Each structure stands twice: as C-alpha cells, then as structure tokens.
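Contents: one structure, followed by commentary.
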Amino acid sequence: MKTNGRPAAEVTAPPGLQLALHRLELMLRRQVLRLRARHQLVDHEFRGTFISDAQADALLTANGRRSPTEPPPIQALTAQIELLAGTEQLDDASPLNRLARLFHLNPLERDVLLVALAPALDARFEIIYAYAQNDIARKLPTIDLALQLLLANFDERLAAQRHFQWDQPLRRYRLIELAAAPATTLLAQAIKIEPRLVAAALNQAALDERLQLLVEPVAAPAAELPLPPDLRDRLARAADALATGPGLICLHGPPGSGKKEVAAALSERLGRPLLGVDWARAGRSGHPLPDLLAWLNREAIIRGAALYFAADAAPPPEISALETPVFWGVPQPVFQLEQANPYFIFTLPRPDYQQRLALWQQQLAGQPGEAGLSLAEVANKFSLTAGQIRRAAQQAQTELLTRPGEQRQLTGLDLHRAARRCSNQALRELAQKIESPHNWADIKLPPLCERQLREVYLSIKHRSVVLADWGFGQKLVGGKGVNALFFGPSGTGKTMAAGILAHELGLDLYQIDLSTVVSKYIGETEQNLSRIFTAAENSNAILFFDEADALFGKRSEVKDARDRYANIEVAYLLQKMEAYDGIAILATNLPGNMDDAFARRLQHTVEFKQPDARLREQIWRTVFPAQTPLAADLDWAFLAGQFELTGGNIRNVALSAAFLAAEAGRPVSMAMLVTAVARELQKMGKLPTRAAFQHYYADVQQSG
C-alpha cells in the first residue's frame, strides 16, 4: 500500500507500552482476518474509492449482533490477546495503567487510548488502520474501528458509544480529540490522541505547548516564611483539609508579600509539586476558558501537582472544575467566593519592623558594609514586603560590581536608593513626584513652627522604636502611619517643608492636587481618593495633599444636601489618612474653613504664619545662591521692613531680579530688586506706592 513517501518511523516505548502495542497488532491482525473471512476487504488497485458487488453482498449478509464461531486462526489470536491483556493488568509500571488510574479510565477506555496512541508512536499503524478501514485516506482510527477491535458483540459496541460523549473521561480530561467530517455519525469520527498524552505515555515531562508561556514550576521556599505563628498554623490546617479532595486557598496581600511562597510551602506539605499560572496572560491567550482549565487540570493530574494562579481579581466559579488543590493569589482583599469546592481566604500581612529587620539581615549576611551601616534605619523607613526586600538587596549588591574593588562596600545611600526603587510605583500615574533639594538650612520659619515640623520628622524617624520596641503598636487601633496638617497663607513654606521632610528621611514625595480629585458627581470624589490610597500602599512615599481648600467646608454649616455630602467627603479623606500606614500630609491655605473636630483627629498640626520682619530679612539674605553676583548696595533691612512678603514671594522676586541682572550683564542691584518687588506686588493686586518704596520709588517709575 502507498504511504505518500512517508517513511515508517518507530518510537522506542517503555516495556509496558511495547507489550500493549504488540497486543494491538494482534487485535488488528484478528480484525483483518475477520474482514477477509466476511469478504469485506476489496483487493483492487482502486481500493477505497469504490464498493464492489462482493463487498456489498458481504455487508448485507453479515450479522454483527451475535458472535459467530470464529475460525481457529482467529480463536488462537484471541487467546493470545487475552493472555497479553492479563499480563498487562499486572504491570503497575505500565504508562497506560498509570494514565488509567490518574484519569479514572475503565479497561475499555484504557484500550481506546491505546488505539489512539499507536499512530503517534509508530507510523506503521497509520497504514494498518487505513488498510483495516478500506480507505488509504483514513490513517486515524475511527470510533467504529476502535470498538470493532475491542468488542466482538454488536450490543456491547452500541452501549460503548457513550464513552465518547463530552462528559466522559476520555473527552472531559481532553485525552482524545474527535475529528469529525461534516454530517458524519459518531462512529465515523476519527480519534486523535492529544499530544500531551503522547509525552505522558513516554514518561516525558514536557508541558503542553499551549501552556508553555503561561505555566512554570514553583520551587518550595528554602527558609521559613515570616508569618505570625497563628496564621501559619491556620494555613497548615487549611492545606490538610485539601489533602483528600479538590479545594481552593485564596491568598491576598500586596505584591511581594509571599503569596506564591506560601502556596509552594503548603503544596510541599501536601507532597505535591506546584505549577504557577499567569492568569492575566492566560486571559489574553485567546483560548476559551473551558479549554484552558481542562488543559491545566490535565497537566496537574499528570504531574500530581497543585496549581497557583497569580491574578488581579477574585477567582471565577469555573475554577471549581479543577480536580486538584488550587491556590489563588490576588493583591486586593477578598471576602466571599462563588465556589462549589471548599475554600479558605487568608490575608498575608506586611512584615512588621522586626521582621523587616530580620529579612534585611538575612539577605545581606556576609556582605561588607561601611562602618555604621544601619539596617534598622532602612527597615524603619521602608515598609517593604519580603519580596521587595529581596529584590532591593539584590539590586544593591549588583550595583557594587560596577565599582572599583576597594569601594565595594554597601552604604546607607545604596540601601535607601534600592529600597525606593523597589517600592510600589503606581502613584506615578495619579500624583506628581516632587524632587526636593532643600534641607533644614534652606527654610526660615518661626521658632514654634520649626519645632512642630521637627516633631513630625522625629515621629517618622523613630516610629519603629516606639511602635515595635516599646509596644505602642499593640495599643493603636487602625493605621500606624503618620499624618499631619500644614495650614497657613500661600507662600509660607508648606510645600517646601514637605520636601525637606522627604529629603531628610530619604523618601519619595508625591503631591496630589485635591482640586483635581474633588468631583461634583456623588461618590466620584471617594473613588478618586480610594484609587490614590490603594496605589500608595507599600509605596514608602510621603503623600502631600495640596489645595485642600477645595474639599474643606464648615461641617457645622449644613444648608443643603450638597453640604451634607461635602461633610461625607471630608470624613472619608480623614478615615483614609488615619488608616494609611504611611505618611500623609494635608495642606490648606484657609484654616478657618476647617472645624476643630477634624484637626483634633490628626496627629500633627503645623501652622505656617506670615513671616515677621526679622524672619523676612533672614529669607532675603539666604534666597540667592552663592554663585549669584550681588551688588554692594543691597539693603536687606529695608526690603524686609517695608514689604510684607512671604517666602514664596521673596523667591519670585529674587528670580525676577536675577533675570534682569543677567540681561544687563551686571550683578543684582537694589534697583533691580525693587523693580522685581513692584512686579510681585502688582501680581498680588497691590499698587507700588511712594510711601512703601520711599527713595527707591524713582527706580520703580523708571522701570515703567
């Protein structure tokens, strides 16, 4: 028979599989003898393209409902086949027996799998199948041929057709695929083995090709996870509950909180390997959800594995179809699930200060560092998860390789920089990052204001000592962050003070303009605020809410429904600030619009007052950079005494005067400064007067 030039290729199979293939060869030989005895095979060069009279007569006289007495050669083959079948059943190491146990196949379904598998292992079977089916184009076995090979009685074959329905193991587990031509009966459909089953029969561990970009093995953690003892015990008991059947453990926590590591540890407790699934990528793969879940389920069964899904949302009900322990990792809290199987929900907390310190010490053990390197300071300032600490430590150590050998020592700056990079960067899409070069020496404040600002700084710097070492953290309800209110006229240094705190603490500063957050639509303001605080989680940044005047109103003055709703918005912001574990600062120019109850619920309030003449003179004397050329006629005392400007106004004046000096090619002079002061007053809606400028008034008039 022609084979279209395709060479016969044999695949070396395990001994148990070789025995099964030999039994199949005998069944095919018996089938050919039966067909010849019934004159159902046409011996003609155009065989398969027409039906002869003899074949038609044989088909019309054949009675498939009863088993006629077989000729002696066929009886002998049947005896051999039954003997081999008995031997195979005793072989526990046989790949077919293993697959039958894994997928709950009965002996008939197991042999159907053998019939479908044979052509993928040995190309000779394609030719034999085509011969036995009287059609050179039919190189795959049909359901009819499989049943003819395996069952001699018509009634048995009729009843066995149910094994090929979609809800039966062969198709439910995607072990075989039916290739149906249009308008064909079930018996005429060809049986095709799934490629993953070929690999499994050959004891190969290759993943299904359609899952290669979605699935990867997950190794068990080498060290004990930093979890509270009671949580660790509850997780272990939940895993034990899944030892006898399928179920789900949902783990939620911020990125890097160890969801995958916890799943791997629990899977190891169950004696199973773990396969990690990128659920977001799976959703973009284009494969229907039922197919994806069936392939994943099949892979888990073959490997005896549990599955871990990394996802952005709660698991869909369809996950209940998986017949293996399932772990579902999600960043957002989950409270209720629609699952048919037992499920458990756990929150993985961020490591506390002591745990963060231990993680830093573990990651940097043996790494040379500069004298006085304080891991405690980094652990205090940056509320990182275990995964983030691991990545930060790796980054810091990798960067050392770019330095000369004698300089390869970790510094505090190295760790701060790496920790900031590994913090959550989602805030970049919702807020403006402020880079502040200022330090304490750059800001001039009244003594009380400066003391209050330093108290804010100290509460951030030492909060791990007070909350963790001294036990105050156990007494606090809600968030353990730091919040403050900066209030005072525009230009008095509120934004600059927030920048100094960020600079001195080595933290990022993100400015949120509340005027863009507040919406006239009911509920939208809260949604905007929720997105900001959600993005800020684990950001290790200072949140600076500017233009809070857009939100504040006298909560006691409720005149209509809108006033009542404005109070709800204010209360919601306060609630989120109190629950936030980071640092949040609120700034407003109009403290009179804020009631005392609101201010009392904030930890710190700092009032930025209009600077007096003494303070204004200090600002004037330090506002110009050291490189700026200054004329000898500058009268700082006159400028400070005559013009009640804020620090922001004074900086604007200094910059304008510097541009005038650069254009003139001369140092900054008093005439340039008073001209710039006049322009600043005009911006503020004030006219320059002779009484204010006195003998410098002529310079103002001359400048126009």
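Round to the nearest 10 and give me the degree value, 0 to 90, for the angle of helix 15-37's Cα axis relative to the longest principal axis of the chain.
50 degrees
Treating the beta-carbon of each Lys and Arg as +1 and of each Asp and Glu as -1, no other charges, what is the dipole magnitude of the chain about its Cα centre, to the nearest 20 debye?
40 debye
Where does the longest stretch of the chain lie that holds no GluC sites (Glu not before Pro) found in a DSSP loop with 14 or fewer other Cβ atoms within 10 Å?
So the longest stretch without any such site is 46-223.
In nm, to one decimal, how far is the modelled label at HIS104 from the one at ARG666, with both set 7 Å along Cα→Cβ?
9.7 nm
With r defined as the distance between the Cβ atoms of THR605 and GLU323 and R0 fixed at 41 Å, what FRET efficiency is calculated, to the nearest 0.05?
My answer for the efficiency is 0.10.
Kindly work out what percent of the DSSP beta bridges joining two residues of the chain are antiparallel, to the nearest 5.
25 percent
Quick one: compute the contact order of the chain, relative version, from alpha carbon pairs under 8 angstrom and 6+ residues apart, as a percent.
Dividing the mean separation by the residue count of the chain yields 8 percent.
Taking 4 °C and 1.567 mPa s as the conditions, I'd like the Stokes-Einstein D for region 209-347 in µm²/s, using the Kirkwood hydrodynamic radius from alpha carbon pairs.
Estimated via Stokes-Einstein, D reaches 87 µm²/s.
To make sure I understand, if each residue's beta carbon is the centre and we count other beta carbons within 10 Å, what order do ILE568, ILE500 fall in, fewest to most?
Going from least to most buried by this count: ILE568, ILE500.
Tell me the angle of helix 670-683 to the major Cα principal axis of the chain, expressed in degrees between 0 and 90 and rounded to the nearest ten.
Tilt relative to the chain: about 60 degrees.
Just to confirm my numbers, what's the Cα centroid distance between region 151-197 and region 229-299 in Å?
33 Å
Test of understanding: ordering TYR308, TYR572 by Cβ neighbours within 10 Å, fewest first, what list do you get?
TYR572, TYR308
Under 18 Å from a label point 7 Å along Cα→Cβ of GLU644: give me every residue in region 478-512 with its amide N that close.
Of the residues in region 478-512, 488-493 have backbone N under 18 Å from the label point off GLU644.
What is the calculated FRET efficiency for ALA632 to GLN367, with r their C-beta to C-beta distance and R₀ = 51 Å, to the nearest 0.05?
So, using R0 = 51 Å, E works out to roughly 0.40.
Separation of region 65-121 and region 321-338 by C-alpha centroid, Å?
Each part's Cα centre sits 41 Å from the other's.
Given axes a ≥ b ≥ c from the Cα gyration tensor, I'd like to know whether the chain is rounded (a/c under 1.5), prolate (a/b larger than b/c) or oblate.
Verdict is prolate for the chain.
Rounded to the nearest 20 debye, what is the charge dipole size of region 456-533 about its Cα centre when +1 sits on each Lys and Arg Cβ and -1 on each Asp and Glu Cβ?
Here region 456-533 has a charge dipole of around 180 debye.
Which of LEU99, TYR173, PHE125 sits closest to the plus end of the dipole of region 75-216, meaning its Cα is farthest towards the positive end, when Lys and Arg get +1 and Asp and Glu get -1 on the C-beta?
TYR173
For a distance above 17 Å, tell me the whole-number percent of Cα pairs in region 271-368 that qualify.
61 percent
With each run of n ≥ 4 DSSP H residues scored as -39500 (n - 2.57), what mean residue ellipticity at 222 nm is computed for the chain after dividing by its residue count and rounding to the nearest 500 deg cm²/dmol?
Calculated at 222 nm, the ellipticity per residue is -14000 deg cm²/dmol.
Would you grab the residues whose amide H sits under 5 Å from the one on ILE249? Only those 5+ places off in sequence or on another chain, please, with H modelled 1.01 Å from N.
Hits under the 5 Å cutoff: VAL326, PHE327, TRP328, PHE344.
Fewest Cβ neighbours within 10 Å first, please rank ASP633, ASP414 accordingly.
ASP633, ASP414
Size of the dipole of region 219-305 about the Cα centre, Lys and Arg at +1 and Asp and Glu at -1 on the beta carbon, nothing else charged, in debye to 20?
About 140 debye.
Evaluate the relative contact order of region 209-347 (contact order divided by residue number), counting alpha-carbon pairs under 8 angstrom at least 6 apart; express in whole percent.
With pairs under 8 Å counted, the relative contact order is 34 percent.
Can you tell me how region 394-474 classifies by the Cα gyration tensor, rounded, prolate or oblate, using a/c under 1.5 as the rounded cut?
The shape class here is prolate.
Please label the shape of region 70-201 as rounded, prolate or oblate, based on the square roots a ≥ b ≥ c of the eigenvalues of the alpha-carbon gyration tensor (a/c under 1.5 means rounded; beyond that, a/b larger than b/c means prolate, else oblate).
Rounded is the answer for region 70-201, as its axis ratio a/c remains below 1.5.
Show me the ranking of peptides 214-223, 245-254 by mean Cβ neighbours inside 10 Å, starting with the highest.
So the order, starting with the most tightly packed, is 245-254, 214-223.
I need the calculated FRET efficiency for the pair ASP135 and ASP278, taking r as the beta carbon distance and R₀ as 45 Å, to the nearest 0.05.
Approximately 0.50, to the nearest 0.05.
Set Lys and Arg Cβ to +1 and Asp and Glu Cβ to -1, take the dipole of region 356-423 about its Cα centre, and tell me which of GLN363, LEU400, ILE389 lies farthest positive.
ILE389
Bear in mind that the values in this text are calculations on the coordinates, not laboratory data. Keep in mind that this is a model prediction, so the values were computed, not measured. Don't worry about glycine lacking a Cβ; one is built from the backbone with ideal geometry, like all the others, and counts go over all protein chains shown.
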